[in-house]
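Visitor: Next up is a structure, given as structure tokens.
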């Protein structure tokens, strides 16, 4: 539905699986099938410590203890990465023309208070 209603949107979806190989394959399939920009993939046993961000070209593994051991939840690291990727997307799409720092801070607070 998203690829028809908002084909230019920066849509992120989530996958949770018990097997790492299945997780990567299903994440790639979701990118193609649904036209999303990014899948945040988690393996069930390590979902609070590790995430894999899968896009059409590559994947990036985030391991909480290695990325930032002082952060209490992996959500903080994921949100920071999403903000960077979204800003890059906006710049490349010529949408970024305002200073969005206050908005970003509000979004981070909102997301972090959900967990």
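The values are calculated or read from the model by the stated rules, or taken from the named source; none is laboratory data. Please read these numbers as outputs of a predicted model, since none were measured by experiment. Cβ placement follows ideal geometry from the backbone for every residue including glycine, while neighbour counts extend to all protein chains displayed.
Visitor: Regarding residue 62, is this residue assigned to a strand (DSSP E or B), modelled with pLDDT under 90 and either closer than 30 Å to residue 4 by Cβ or in contact with a strand residue (DSSP E or B) (Cβ under 9 Å, 6 or more places away or on another chain) (or both)?
Guide: Numbers: assigned to a strand (DSSP E or B): yes; modelled with pLDDT under 90: yes; either closer than 30 Å to residue 4 by Cβ or in contact with a strand residue (DSSP E or B) (Cβ under 9 Å, 6 or more places away or on another chain) (or both): yes.
When the stated conditions are applied, residue 62 passes them.
Visitor: Now a separate question. Here are the criteria: (1) surrounded by fewer than 18 Cβ atoms within 10 Å (Cβ to Cβ); (2) part of a loop (DSSP other than H, G, I, E, B); (3) touching a helix residue (DSSP H, G or I) at 6+ places or on another chain (Cβ under 7 Å). Tell me which single one residue 8 does not satisfy.
Guide: (3)
Visitor: Further question: Inside the range 78-115, can you point out the residues that are in contact with a helix residue (DSSP H, G or I) (Cβ under 7 Å, 6 or more places away or on another chain) and at pLDDT 80 or above? Can you show your working first?
Guide: At the first step, the residues of the range 78-115 found to be in contact with a helix residue (DSSP H, G or I) (Cβ under 7 Å, 6 or more places away or on another chain) are 79, 83, 96, 104, 108, 111-112, 115.
79, 83 - these are the residues of the range 78-115 that are in contact with a helix residue (DSSP H, G or I) (Cβ under 7 Å, 6 or more places away or on another chain) and at pLDDT 80 or above.
Visitor: Give 75, 49 a once-over and let me know the one that is touching a helix residue (DSSP H, G or I) at 6+ places or on another chain (Cβ under 8 Å) and surrounded by 17 or more Cβ atoms within 10 Å (Cβ to Cβ).
Guide: The conditions single out 75.
Visitor: If I go through the range 47-56 residue by residue, how many of them are at pLDDT 90 or above and either over 16 Å from residue 86 (Cα atoms) or not in a strand (DSSP E or B) (or both)?
Guide: The first filter runs over the range 47-56 and keeps only residues at pLDDT 90 or above, leaving 50-55.
Subset that is either over 16 Å from residue 86 (Cα atoms) or not in a strand (DSSP E or B) (or both): 50-52, 55.
Total satisfying the criteria: 4.
Visitor: Looking for whichever is at pLDDT 85 or above, under 30 Å from residue 4 (Cβ atoms) and part of a strand (DSSP E or B) here; the options are 40, 24, 32. Which one fits?
Guide: Exactly one of 40, 24, 32 is at pLDDT 85 or above, under 30 Å from residue 4 (Cβ atoms) and part of a strand (DSSP E or B), namely 40.
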